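Quick notes on the structure that follows.
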Amino acid sequence: MHTLVSGGIVVTPTSYDPGHPTDILIDHERIVAVAPGLAAEVGPAARVIDARGRHVLPGGVDPHTHLDLPVGGGIVSSDDFASGTTAAAFGGTTTIIDFPTQARGGTLRAALDEWHQRAAGRAVVDFAFHAIVCSLDAQVEDEIAALPEAGITSLKLFMAYPDRLMLDDGATLRVMELARRHRLVVCLHAENGHAIAHLVAAAKAAGRTTPRMHAATRPAVTESEAVHRAIALAEVSGATIYIVHVSTAGAVREIAAARRRGLPVLGETCPQYLCLDETAYDAPAAHAARVVMSPPLRPRWMQAWLWEALAQDDLQAVGTDHCPFTDADKARGLDDFTRIPNGAAGIETRLLLLHEFGVRAGRLTWPQLVQVFATGPARIFGLHPRKGTIAPGSDADLVVFDPEPAQELAASRLHMRVDATPYDGMTVHGRVETVISRGEVIVDNGRLAGAAGRGVFLRRGRP
Ligand code: URP
Ligand code: ZN
Ligand code: ZN
């Protein structure tokens, strides 16, 4: 069974030539050739997808999603693996990496089993897992060593949320040592949990409880300090670390300085930090609650630092940290910001926003967009070259993207299960026309064509 994606402008991190349309030949699930003039090599039974005048990108790899995530108080993130991966597909993302979360005192195995059950029969795109470790004992240490056998080659640790998720520096260091020994990447949520808890207690004691206080109690220095400390612990242990959802100029500075010293420090930012800013907390409480996330939105001037870091390879990936909640769930904390579930929707809008505010604004080139959208995360998390590129032998995960049409973003026209996205009302250019996952068309000219349950679990290697 052959498919030919014909005459598109093929983009990879190392090639982009709008003057030379290229064909991509697919045999079943894999790409077999990338060259001009391949039409002559396919029989009449082949499916031909006309990509003339469009860009053809590798399917996106979103290294940071939270689907079907219970966050306490009976609240669960509002996209499950069916709706979330459907939205991912519409946004040109063909691989996600989600976060099985250990129950404190529980095993990693139980969390992995639970997440496999959540995904079973539901995923429209392929998926992989990072393992969140939030308490450590001898059994969990043995489980960390065994993770690669389960197809998992990265961990996530929290330096925030002391009541639920945080590991202290000693335990963090111990996990990093194990990670180095077993060649696992350590992802870190880097915010100083104790300092934040102190500021939160002071705000509540002063009766200051509106959603904007979420941001006021998580100042930029609580991120940059934690990033500095994470890097120090990585240097002591020799581990490779990946700082998730970097939001501040100070954190970028720390990461860039560590990289200049040759340390294996990697970083991710997210569209919300690139495209939104702290003035969103000035909105009425119900709207401000929609952008209560951790870290919070920052002053606008910091965005330039994040874009520049992506362009300079000081940050290597853009993940979404997709963690959506309905307005009803967000409303539980309108009079007490600490009860607002943290997170926002974004799994579907990553490519559109990177195109509009990155490429069209002259902050990223097309190859750089592909690097942070697909190739960078695939490489870091042991999925490359199967995922994240367009080359013979790679999975045929492709996005046919028309950069021209304008659209106004609105939750009602998107597929994420939220009342509103933080981007509603913005006009962006571009349309994800066709999405192919392992050779199968899953979005066909803007319509869903892939079935829930077709996505497979990806056993990852080491980078
Ligand atoms: O506010 C956020 N980011 N919620 C999701 C969980 C996390 O910290 O990544
Ligand atoms: Zn986080
Ligand atoms: Zn997250």
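The values are calculated or read from the model by the stated rules, or taken from the named source; none is laboratory data. Since this is a predicted model, take the numbers as computed values, not measurements. Cβ sites come from the backbone with ideal geometry, for glycine too, and all protein chains shown count toward neighbours.
General observations
- Any hit, the stretch 269-279, residues being more than 26 Å from Cys134 (Cα to Cα) and without any contact (Cβ under 8 Å) to a residue 40 or more places away in the chain: yes
- Residues that are in contact with a Cys (Cβ under 9 Å, 6 or more places away or on another chain) and not assigned by TED's automatic domain parsing to the domain that holds Leu276 number at least 2 in none of the helices (runs of 4 or more DSSP H) confined to the stretch 204-263.
- Hits in the stretch 347-370 (condition: on the phi < 0 side of the Ramachandran plot and among the small types (Gly, Ala, Ser)): Gly358, Ala361
- If you go through the stretch 310-348 and pick out every residue that is more than 16 Å from the chain's Cα centre (by Cα), within 23 Å of Met426 (Cβ to Cβ) and either among the charged types (D, E, K, R) or more than 16 Å from ligand 2 (Cβ to nearest atom) (or both), you end up with 4.
- Test: residue in the stretch 333-347 that is surrounded by fewer than 23 Cβ atoms within 10 Å (Cβ to Cβ), under 23 Å from Tyr273 (Cβ atoms) and free of Cβ contacts under 8 Å to residues at least 24 places away in the same chain: no
- Qualifying residues in the stretch 325-362 (those that are of a type in the set (Phe, Trp, Tyr) and within 16 Å of ligand 1 (Cβ to nearest atom)) - the one nearest to Lys204 (Cα to Cα): Phe337
- First in the stretch 376-400 and under 17 Å from Thr22 (Cβ atoms) and at pLDDT below 95, second anywhere and in a helix (DSSP H, G or I) and of a type in the set (D, E, K, R), Cβ under 6 Å, 6 or more apart: none
- Arg417 among the charged types (D, E, K, R), over 21 Å from Ser83 (Cβ atoms) and buried (at least 17 other Cβ atoms within 10 Å of the Cβ): no
- Restricting Leu310, Leu315 to those that are surrounded by 24 or more Cβ atoms within 10 Å (Cβ to Cβ), touching an Asp or Glu at 6+ places or on another chain (Cβ under 7 Å) and modelled with pLDDT of 95 or more reduces the list to Leu315.
- When the stretch 276-309 is limited to residues that are under 18 Å from the mean Cα position of the chain (by Cα), more than 18 Å from Leu188 (Cβ to Cβ) and part of a loop (DSSP other than H, G, I, E, B), the one that is farthest from ligand 1 (Cβ to nearest atom) turns out to be Leu276.
- Here Arg104, Arg122, Arg109 are screened, and the one residue that is more than 16 Å from ligand 2 (Cβ to nearest atom), surrounded by 18 or more Cβ atoms within 10 Å (Cβ to Cβ) and more than 16 Å from the chain's Cα centre (by Cα) is Arg122.
- The residues listed here are Leu233, Leu315, Leu266; of these, the one that is in contact with a helix residue (DSSP H, G or I) (Cβ under 9 Å, 6 or more places away or on another chain) and more than 23 Å from Gly388 (Cβ to Cβ) is Leu233.
- Listing of strands (runs of 3 or more DSSP E) fully contained in the stretch 91-163 that carry 1 or more residues being touching a Phe, Trp or Tyr at 6+ places or on another chain (Cβ under 8 Å) and of a type in the set (Ser, Thr, Tyr): 93-98, 154-158
- Taking the listed residues Ala45, Ala87, Ala39, the one that is surrounded by 24 or more Cβ atoms within 10 Å (Cβ to Cβ) and under 30 Å from Pro21 (Cα atoms) is Ala87, with no other qualifying.
- Screening Val61 on (1) of a type outside the set (D, E, K, R); (2) assigned to a loop (DSSP other than H, G, I, E, B); (3) within 28 Å of the chain's Cα centre (by Cα) shows it passes everything except condition (2).
- Test: residue in the stretch 424-445 that is surrounded by 24 or more Cβ atoms within 10 Å (Cβ to Cβ), under 25 Å from His2 (Cβ atoms) and of a type in the set (Gly, Ala, Ser): yes
- For the stretch 163-201, a residue qualifies if it is free of Cβ contacts under 8 Å to residues at least 60 places away in the same chain and loosely packed, with under 15 Cβ neighbours inside 10 Å, and the qualifying residues are Asp163, Asp168, Gly170, Arg181, His194, His198, Ala201.
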